[in-house]
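Accompanying notes for the structure given below.
Just so it is clear, none of the values below were taken in a lab; they were calculated from the coordinates. From a predicted model like this one, the values you see are computed outputs, not experimental measurements. Glycine also receives a Cβ, built like all others from the backbone with ideal geometry; neighbour counts cover every protein chain displayed.
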Amino acid sequence: MSKHTTKPFEAPSSAIPAAALAGLELQRANTLISAGNSLLFCSVFMLLATIFIAYIIPEKVTLQIQILSHIGMLIFATGLKFGYILRLTGQHRIRKIHMHTEATANQRKKENQYGLCNA
């Protein structure tokens with residue numbers, strides 16, 4: 001047994017300013033929305049292509065292509081749903097950031113109004 005125990009590194013709470021954390025979280029939310037938009041666009045395009053192959057021109061393609069297009073419809077419809085979920089998650093995070101920022105601003109306004117500011 002060793003006398004020395006190691007603890008995981010924990011950054012002090014004042015190491016990263018709250019504004020920087022909010023900015024980082026906002027950037028992550030925007031990344032989610034961008035990824036969701038890209039997935040939605042690609043899924044819709046590919047879903048329309050597979051529908052076109054499977055139902056509009058089935059006599060012009062081989063049976064293997066028809067089977068792949070039907071399987072592709074399932075896969076791309078699922079991609080469409082995942083893209084939508086990514087967008088909703090990003091929008092929810094942005095809303096949380098906005099509400100937290102607004103609540104903090106209102107709290108500061110009240111503190112300044114009643115002279116509770118330390119500065």
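All other residues with a Cβ under 13 Å from the Cβ of L40 taken together, and with Lys, Arg as +1 and Asp, Glu as -1, what is their net charge? Show your work: numbers first, answer last.
Details: positive: K81, R87; negative: none.
Residues near L40 contribute +2 overall.
Compute the length gained on full extension between I67 and Y55: take 0.36 nm times their separation in residues and subtract their Cα-Cα distance, giving the result in nm to one decimal. Each step should come with its number before you reach the end.
On the way: separation 12, 0.36 × 12 = 4.32 nm, distance 1.15 nm.
Length gained between I67 and Y55: 3.2 nm.
If you stretched the chain out fully between T78 and V44, how much longer would it get, using 0.36 nm times the residue separation minus the C-alpha to C-alpha distance? Present the calculation step by step, with values, prior to reporting the outcome.
Working: separation 34, 0.36 × 34 = 12.24 nm, distance 1.05 nm.
Stretched out fully, the T78 to V44 stretch lengthens by 11.2 nm.
Over the stretch 29-106, the pair-distance histogram of Cα-Cα distances with 10 Å bins from zero comes to 20, 31, 21, 15, 8, 4, 1 percent, rounded to whole numbers.
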